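Q: Next up is a structure, given as structure tokens.
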Amino acid sequence: MGTAAALVRALLAVVAALTPAAAAACGPWPGAGAPSRPELRIMVPNIPGGGYDTTARTVAKVLSDTGIASDVQVFNLPGAGGVVGLQRLVNERGNGALAMQMGLGVLGASSVAGGRVSVAQTTPIARLVAEPGAVVVPSDSPFRTIGELITAWKKDPARVRIGGGSSPGGPDHLMSMRLAEAVGIDPREVRYTSYDGGGGELLPVLLDGRLTFGASGFGELLGQIRAGQLRVLAVTSDRPAAPLGDVPTLKSQGIDLVFTNWRGIVAPPGISADERRTWIEALTAMRRTRQWRAELARHGWIDAFATGEEYATFLDDQSKAVARFLADLGTS
């Protein structure tokens, strides 16, 4: 972890040098439009293809298609599990046209990085969706049930290779550690490798058999599940996950674990009350549309919408819980 922490610090030093004025040289932010049709920009702090990226691009499409906002732009700034993007957001103080797609993974990554930059420095806008996790294997895996997999894992934890689409402290890592605890495996024995995005870097490694199983958001791998390339052994929700309602939960198979990831949006510090209200009103209006409801169903997402102080309190509680869990693991 020492080398990883040093790399994170180096990346943050580079990003910290990028002042708002220097960032503007990379291309002008869209100018603020009429209050009812704001032009907005959403940063994704990991590579294309992952859960954050899919969520942000879905939000941008629905906002644009419904006329709630015009020409919503999405761009990717990956690095350090989302911490590079978070640092950039904090550097953009007062930029009311910018927001960042984030979630549990950014909280964990910032905690692992030593808290040099944190979500507490941002302006909370809205929590959008929740998503159950899934334990998945390639279609040619010898494991047909979660029970078979757990038996092999408990017999020899060192032989079971797990991959997830998040860095240590992120949802896939936390889900893997919680699953180990639930079945009586010491989390310190878990062989977990992080990849950038469940639908990004993780997918090819999982499909070619280099991993025993993958731990990722259900919706991120839905295309490959439907195509028969991946088999879901269990989902981590408290009930079978739509749209594949026949997939059993961990609890229904005797494993006492419910784990749900979430994704939301935050803005830079120091934006005005009117700018924050513009973001909140735009996303609130989006949530009411049939287009957004259709996207929830298509991706298997759960409506978890919250704004204002409710979302701010949630972020604070989640940050503290993640930091405690990582400290117990000796990861932060």
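The values are calculated or read from the model by the stated rules, or taken from the named source; none is laboratory data. Treat the numbers as computed from the prediction; the structure is a model and nothing was measured. As a convention, Cβ positions derive from the backbone with ideal geometry for all residues, glycine included, and neighbour counts pool all protein chains shown. Just the protein is used for accessible areas: all its heavy atoms, side chains included, with ligands, DNA and RNA removed. Shrake-Rupley method; radii C 1.70, N 1.55, O 1.52, S 1.80 Å.
Q: Defining a contact as two alpha carbons under 8 Å apart and six or more residues distant in sequence, what relative contact order in percent does region 173-332 show?
A: 17
Q: Roughly speaking, what is the centre-to-centre gap between region 175-198 and region 289-314 when only Cα atoms are used, to the nearest Å?
A: 27
Q: On a 1.4 Å probe surface of the protein chains, which of Ile302, Ile162 comes out largest in accessible area, and what is the full order?
A: Result of the area sort, largest leading: Ile302, Ile162.
Q: Whose amide H sits under 5 Å from the amide H of Leu233, counting only residues 5 or more places off or on another chain, with H placed in the peptide plane?
A: Sorted by chain and number, the residues that satisfy this are Val135, Val136, Val137.
Q: Okay, next question. How big is region 201-286 by Rg and Dmax over its Cα atoms, in Å?
A: Cα radius of gyration and Dmax of region 201-286 are 18.1, 51 Å respectively.
Q: Read through the labelled values (1) 33, 23, 17; (2) 44, 37, 18; (3) 30, 24, 18 and report the label of the one computed as semi-axes √(5λ) of the Cα gyration tensor in Å from the structure.
A: Of the labelled values, this structure produces (1).
Q: With a cap of 13 neighbouring Cβ atoms within 10 Å, and only residues DSSP puts in a loop, list the trypsin sites (Lys or Arg not before Pro) found in region 260-332. Don't skip to the answer; put the middle values down first.
A: On the way: sites: Arg263, Arg276, Arg277, Arg287, Arg288, Arg290, Arg293, Arg298, Lys320, Arg324; in loops: Arg288.
Filter output for region 260-332: Arg288.
Q: Separation between the Ala321 and Arg293 pseudo-spin-labels, each 7 Å from Cα along Cα→Cβ, expressed in nm?
A: Going by the 7 Å Cα→Cβ label model, 2.9 nm.
Q: Which values, in whole Å and largest first, are the semi-axes of the equivalent ellipsoid of region 30-172 obtained as the square root of 5 times each eigenvalue of the Cα gyration tensor?
A: Sorted largest first and rounded, they come to 36, 19, 11 Å.
Q: Now for a different question. Using a 1.4 Å probe over the heavy atoms of the protein chains, calculate the carbon and sulfur portion of the accessible area of the chain as a whole percent. Present the calculation step by step, with values, prior to reporting the outcome.
A: Numbers: 7010 of 13610 Å².
Carbon-and-sulfur percentage of accessible area, whole number: 51.
Q: Given springs between every Cα pair under 10 Å in a Gaussian network model of the chain, which of Gln253, Gln87, Gln73 has the largest fluctuation?
A: Largest GNM mean-square fluctuation: Gln253.
Q: A further question on this structure: Return, ordered by residue number, the residues of region 295-326 whose backbone nitrogen is under 13 Å from a label point located 7 Å along Cα→Cβ of Asp65.
A: The answer is 295-299.
Q: Straight distance only, please: which lysines reach the Cα of Lys251 with their own Cα at less than 27 Å, same-chain residues fewer than 8 apart left out?
A: Reachable lysines: Lys154, Lys155, Lys320.
Q: Now for a different question. Per-residue HN-Hα couplings for region 201-218, Karplus 6.51 cos²θ - 1.76 cosθ + 1.60 at θ = phi - 60°, whole Hz, x for Gly and Pro?
A: Once θ is set to phi - 60°, the couplings for region 201-218 become 5, 5, 4, x, 5, 5, 5, 8, x, 6, 10, 6, 8, x, 10, 7, x, 4 Hz.
Q: Nearest 5 percent is fine: what portion of the DSSP beta bridges confined to the chain is antiparallel?
A: Expressed as a percentage, antiparallel bridges in the chain total about 60.
Q: Enter the accessible area per residue of region 133-229 (Å², integer; probe 1.4 Å; all protein chains in place).
A: 40
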